Amino acid sequence: MKAKARAHTNIALIKYWGKRDEALFLPTNSSLSITLDKFYTDTSVRFDPKLQADQFFLNGQQASQQETTKISAFMDKIRLLAGEKHYAVITSENHVPTAAGFASSASGYAALAAAATKAVGLELDNRALSQVARQGSGSASRSIYGGFVEWQKGELEDGLDCYAVPLLDKDAWDLRVLAIEVSSVAKKVLSREGMKRTVETSPFYQGWLHAVELDLQTMKQAIATRDFTLLGKTLEANACKMHATTLGANPPFLYWNSATMQVMEAVQALRDQGLEAYFTIDAGPNVKVVCQPSQVDQITSQIQSLDVVQSIQHCRIGPGISYLDQE
Ligand code: DP6
């Protein structure tokens, strides 16, 4: 009745932005990501008939009541699936700079889904596991796999055709991601709340839905032909379109700060010098730059020279979930 799993974070090249069903975590659009090697979560789950409630420990400390309630609601979904009544002790170690605003929900829920379903005795294939992880956090559905991953939105109301699939193995194309920390300030609008407000109030949201379908097709073509320039241009433009929708929301909001924009401008200036770097941004001020291995050093040193940059982490494409031995 116990298991331990590791899952890595992912960065979306084509963003997931909006739900059509909040309870089932069904997205309005399909998305596409690469899994990162550097940031991951290790989670162990042990069911115990003596427990009166789930217990959740995060980075060596008992988590708050609020965090435990969220995790416990997710565990209820797994208990329902498995016909299990007992509670569990859940222990997570986050190797993700959460304070710096890099998303940990993707690796967190993917690792928890893998460990909890194994501990409870369910034997799920990756597709089914992706569906379970999705119901903790949408982007977690993609962290089941390494390499390039597409999360297909599906059409069905029950979500049975809504899961992530692997597109390309992590070793098939060597791309690099520089995770650039510009601000450690906590996000003001969480992604869940931000996408909901955008879907409900932004007149630009219809434009997003139209554009993201086309961007996804272009991105898949770039991946199939290993066309880095096309991949870069498409991922940067897609991120800009996602962020543009937030300015149309009521009340409007923007995840960028002035430091974010300085990095964006620096990336565009690098391209004028012939260095192929492209940026993407999620629901916070930090920037990720996608580039090719041969240009990592030059791009890093130029971005590092900006005053607003606090740290740069160099990531490779990472693996999917793995199961670990218990200590
Ligand atoms: C901007 O997966 O964090 O990073 O499903 O509500 O938990 P919930 O949202 P989450 O949203 C991620 C949004 C994004 C884009 C992306 O990763 O595709």
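Every read-out reported here was derived from the displayed coordinates using simple, explicitly stated rules and does not represent laboratory data. None of the values given here were measured: they were computed from a predicted structure. When we count neighbours, we look across all protein chains shown, and the Cβ atoms used for this are built from the backbone with ideal geometry, even at glycine.
A compact table of results
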| item | result |
| --- | --- |
| Additional length obtainable on full extension of the chain from L124 to N59, 0.36 nm per residue less Cα span | 20.7 nm |
| Theoretical gain in end-to-end length, D171 to Q52 [0.36 nm per residue, Cα-Cα removed] | 38.3 nm |
| Compactness of segment 24-110, expressed as Rg and Dmax over alpha-carbon positions, Å | 14.5, 43 |
| CD proxy at 222 nm, helix term only [per DSSP H run n ≥ 4: -39500 (n - 2.57); per residue of the chain; nearest 500] | -11500 deg cm²/dmol |
| Low-density loop cleavage sites - GluC sites (Glu not before Pro) in segment 103-189, where at most 13 other Cβ are within 10 Å (DSSP) | E123, E155, E157 |
| Spin-label pair Q310/T69, simplified geometry with 7 Å Cα→Cβ offset, distance in nm | 2.9 |
| Protection proxy ranking, peptides 300-306, 28-34, 167-173, average beta carbon neighbours within 10 Å, highest first | 28-34, 167-173, 300-306 |
| Cross-link reach list, lysines versus K15, counting only Cα pairs under 23 Å and skipping chain neighbours closer than eight places | K38, K153, K170, K187, K188, K196, K220, K233, K241, K288 |
| Value of relative contact order over the chain, rounded to a whole percent, pairs C-alpha under 8 Å and six or more apart | 25 |
| Calculated FRET value between E157 and L254, using beta carbons and R₀ = 41 Å, to 0.05 | 0.75 |
| Stretch gain in nm, segment D76-R226, where the contour uses 0.36 nm per residue and the Cα spacing is subtracted | 49.8 nm |
| DSSP H segments from the chain that extend 18 Å or more along their own axis, Cα-based, with Kyte-Doolittle mean of -0.5 or above | 65-82, 105-119, 205-224, 228-247, 258-272 |
| Residues whose placed amide H lies under 5 Å from that of L275, excluding near-sequence neighbours | none |
| For segment 179-309, the Rg and Dmax computed from alpha carbons only, in angstrom | 15.5, 44 |
| Ratio of Rg to Rh over segment 153-239 (Cα coordinates, Kirkwood Rh, two decimals) | 1.01 |
| Cα-based equivalent ellipsoid of the chain: semi-axis lengths in Å, sorted from largest, via gyration tensor | 32, 21, 20 |
